[in-house]
Amino acid sequence: AAPHPDAAPHPGTAPDHDVLIIGAGFAGLYQLHRLRELGHDARIIEAGDDVGGTWYWNRYPGARCDIESVEYSYSFDPELQDEWDWSERYAAQPELLAYAQHVADRYGLREDITFGTRVERLDWDDEAGRWTVTTDDGASRTARYVIAATGCLSVPSRPEFEGLTDFAGEVYRTSRWPHEGVDLTGKRVAVIGTGSSGLQTITAIAPVVGELTVFQRTPSYAVPAHNGPNAQRLADARKRYSEIREHSRMSRTGFGCPEGTLLLADTPAEEARREFDTRWADGGLCFSSAFKDILRDARANEIAAEYVRDRIRAKVEDPQLAEKLSPRTYPIASKRMCVDTGYFEVYNQPNVSLVDLNEQPIRRITERGIVTGVTGEAGKAGEADDEREHACDVIVLATGFDAMTGALTAMDIRGTGPTLREKWAHGPRTYLGLMSAGFPNLFTITGPQSPSVLSNMMTSIEYHVDWITRALEHLRAHGLHRMEAAPEAEDNWVNTTNDLAARTLMPQAASWYMGANIPGKQRVFMPFIGGVGTYRQIGDGVATAHYHGFELA
Ligand code: FAD
Ligand code: N01
């Protein structure tokens, strides 16, 4: 696209691009579209060979969204909204990928995307006022602005299992599932991990595999999806779509959840149960919005948790197994809850078994399968008293992601001071999750300390893209070329996000929100928990107040 006719010239030679965007998931695609619309010269660099981000990489059986399709979709163009028919209440990965591809084609975005190329390094030149972006093909390009649309859940965590490379069978990672699919019919399959990816995979493959062995370290709270055909929901939504979207933008969660106004701790048991029953029957993540105090008061939280455990007991025939599948070590909703489609019932099948890794930790992997066992009482190596080998043909790793910061710190980002990796060694530091002091002209979409992963990500992505676009327009209109978070504003924001989290039960879970799933990662609650609507008001206020807390030059 041609540079904007009003673009103010910057001293020195022009960079290769106004803006380089890293990542062609839903965030990068919308960002590219908005900037091109406004005449910026923008380009995406994407590691994958196609658009879609999460939905390009995560092709495991059963992968689907946990926010209803009518809301887990772009809202920026009513025509797009009207022409795309979501077939299911919760769209599955192939449909979500097809949607991302449709968006790329509809707005002609592909011509400005470089695929199959990973950004490895960013160097800021303060004098020239530009970034040099170096990619894994050895090339480098310059850009005035860089926007990291690199995803909160795009870097797989890679726990080390001794002997994994000795395994003679097949090993698959849910987040890097082969594009051609995998035939698991009749095979003995082991799944390690029981978060959302594990639950969806287990539920989908249980009917076809020969034997399924699930290796569980921490059980998950799950609410039913009640997935199904979507025609009626879509027709209803289309009658009042703008109202739905507006409500979502100002809501706590970024989607249409009726927020409970009562305190569970003060609500009579029968009444509370009725409310939970209603939400359970509706299905989906709104379950945890039933009462105001679920994430604030341990007593209230335990009532909600016990309700879910009751449901697990009702679904799983073997009471001992039901107990093993019942979470007890962390507050409900302090990790993103799973939305399931018959997960617990899978354990009633004779070909499915559960290994509780708290009783039987994984010791190593051999060429035949996974060995679990506890060491003898003396705890001496080699004195295992109940070692057991679980033979299998296939191992599926559903072990999660280096979330929120992983894709950013994977790059070597050098601004005006310490590198981003060094600066964030004790936890991410940002202003509004949008910029980090010392890294001028570098924006992050759904960065840490923004609502991001606590919300419907589509709502949060669209807000950040619109905010960044407005900021770039502001700079251009005023002949400015540099924007950076002020250190004091950043300090205040970091303190605010930490204080808000500390008032909840969220930091009590060893979750990926806390960085607890990655050895050595600083434990700090990374998202902003104040809610999508509140965050929007703050972000709008900052922009209106001439980008208060940012230094513009
Ligand atoms: P991504 O989709 O992660 O895209 C980032 C892109 O950046 C990737 O394609 C990656 O290859 C690329 N990239 C990263 N680093 C580099 C680099 N250095 N160089 C070049 N390219 C790079 N959220 C919800 O709100 N609801 C859901 O139902 C939901 N379901 C999910 C299901 C799964 C299985 C997962 C893993 C996540 C889910 N999420 C969900 C979160 C999901 O990640 C977001 O909803 C959304 O898709 C993120 O879009 P994005 O563009 O920000 O990031
Ligand atoms: O990853 P996770 P995920 N040995 O980190 C276990 C989104 N998402 O990919 O809890 C044994 O939640 C780990 O155990 P523990 C959604 O936001 C959405 O499933 O650390 N086990 C855990 O059980 C979600 O929250 C959908 O004790 C090990 C599992 O692996 C986020 O992505 C679908 C281990 C990892 O669970 C991440 O979900 C998929 C080890 N060494 C994803 N290391 C939807 O439904 C890890 N584990 C929309």
Single match in 352, 339 (criterion: farther than 30 Å from residue 132 by Cα, within 15 Å of ligand 1 (Cβ to nearest atom) and not hydroxyl-bearing (Ser, Thr, Tyr)): 339
Options 418, 331, 327, 350; residue that is open to solvent by 40 Å² or more (accessible area, probe 1.4 Å), of a type outside the set (Asp, Glu), over 30 Å from residue 127 (Cα atoms) and at pLDDT 95 or above: 350
Filter the stretch 117-136 down to the residues that are among the acidic types (Asp, Glu) and over 28 Å from the mean Cα position of the chain (by Cα), then identify the one that is farthest from residue 462 (Cα to Cα). 127
Output the qualifying pairs, or none if there are none: Cβ atoms under 6 angstrom, residues six or more apart or on different chains, first residue in the stretch 193-204 and within 11 Å of ligand 1 (Cβ to nearest atom), second residue assigned to a helix (DSSP H, G or I). 197/174; 201/174
Has the stretch 176-191 got any residue that is among the hydrophobic types (A, V, I, L, M, F, W, C), open to solvent by 40 Å² or more (accessible area, probe 1.4 Å), over 21 Å from the mean Cα position of the chain (by Cα) and at pLDDT 95 or above? no
For residue 242, state whether it is of a type outside the set (Val, Ile, Thr), loosely packed, with under 13 Cβ neighbours inside 10 Å and modelled with pLDDT of 95 or more. yes
So residue 222 clears everything in (1) open to solvent by 60 Å² or more (accessible area, probe 1.4 Å); (2) of a type in the set (A, V, I, L, M, F, W, C); (3) under 19 Å from residue 399 (Cα atoms) except one condition, right? Which one? (1)
Can you confirm whether the stretch 100-113 contains a residue that is open to solvent by less than 50 Å² (accessible area, probe 1.4 Å), assigned to a strand (DSSP E or B) and either away from ligand 1 (no atom under 13 Å from the Cβ) or not small (Gly, Ala, Ser) (or both)? yes
For the stretch 72-91, how many residues are open to solvent by less than 20 Å² (accessible area, probe 1.4 Å) and within 16 Å of ligand 2 (Cβ to nearest atom)? 5
Looking only at the stretch 403-455, and only at residues there that are charged (D, E, K, R) and touching a strand residue (DSSP E or B) at 6+ places or on another chain (Cβ under 6 Å), the one that is farthest from residue 491 (Cα to Cα): 412
Subset of the stretch 461-480 (residues that are open to solvent by 10 Å² or more (accessible area, probe 1.4 Å) and either in a helix (DSSP H, G or I) or touching a strand residue (DSSP E or B) at 6+ places or on another chain (Cβ under 7 Å) (or both)): 461, 462, 463, 466, 470, 473, 474, 476, 477, 480
Exactly one of 158, 217, 173 is modelled with pLDDT under 95, open to solvent by 30 Å² or more (accessible area, probe 1.4 Å) and closer than 23 Å to residue 516 by Cβ, and that residue is 158
Test: residue 220 is in contact with a Ser or Thr (Cβ under 6 Å, 6 or more places away or on another chain), touching a residue at least 40 places away in the same chain (Cβ under 8 Å) and assigned to a helix (DSSP H, G or I): no
Can you find, within the stretch 134-162, the residue that is nearest to residue 94 (Cα to Cα) among those that are in contact with a Ser or Thr (Cβ under 6 Å, 6 or more places away or on another chain) and away from ligand 1 (no atom under 16 Å from the Cβ)? 159
Looking for whichever is part of a strand (DSSP E or B), farther than 26 Å from residue 255 by Cβ and either of a type in the set (S, T, N, Q) or within 12 Å of ligand 2 (Cβ to nearest atom) (or both) here; the options are 185, 213. Which one fits? 213
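The values are calculated or read from the model by the stated rules, or taken from the named source; none is laboratory data. Worth saying up front: this structure is predicted, and the values here are computed from it rather than measured. Every residue, glycine among them, receives a Cβ derived from its backbone with ideal geometry; neighbour counts consider all protein chains shown. All accessible areas refer to the heavy atoms of the entire protein, side chains included, with ligands and DNA or RNA removed. Shrake-Rupley method; radii C 1.70, N 1.55, O 1.52, S 1.80 Å.
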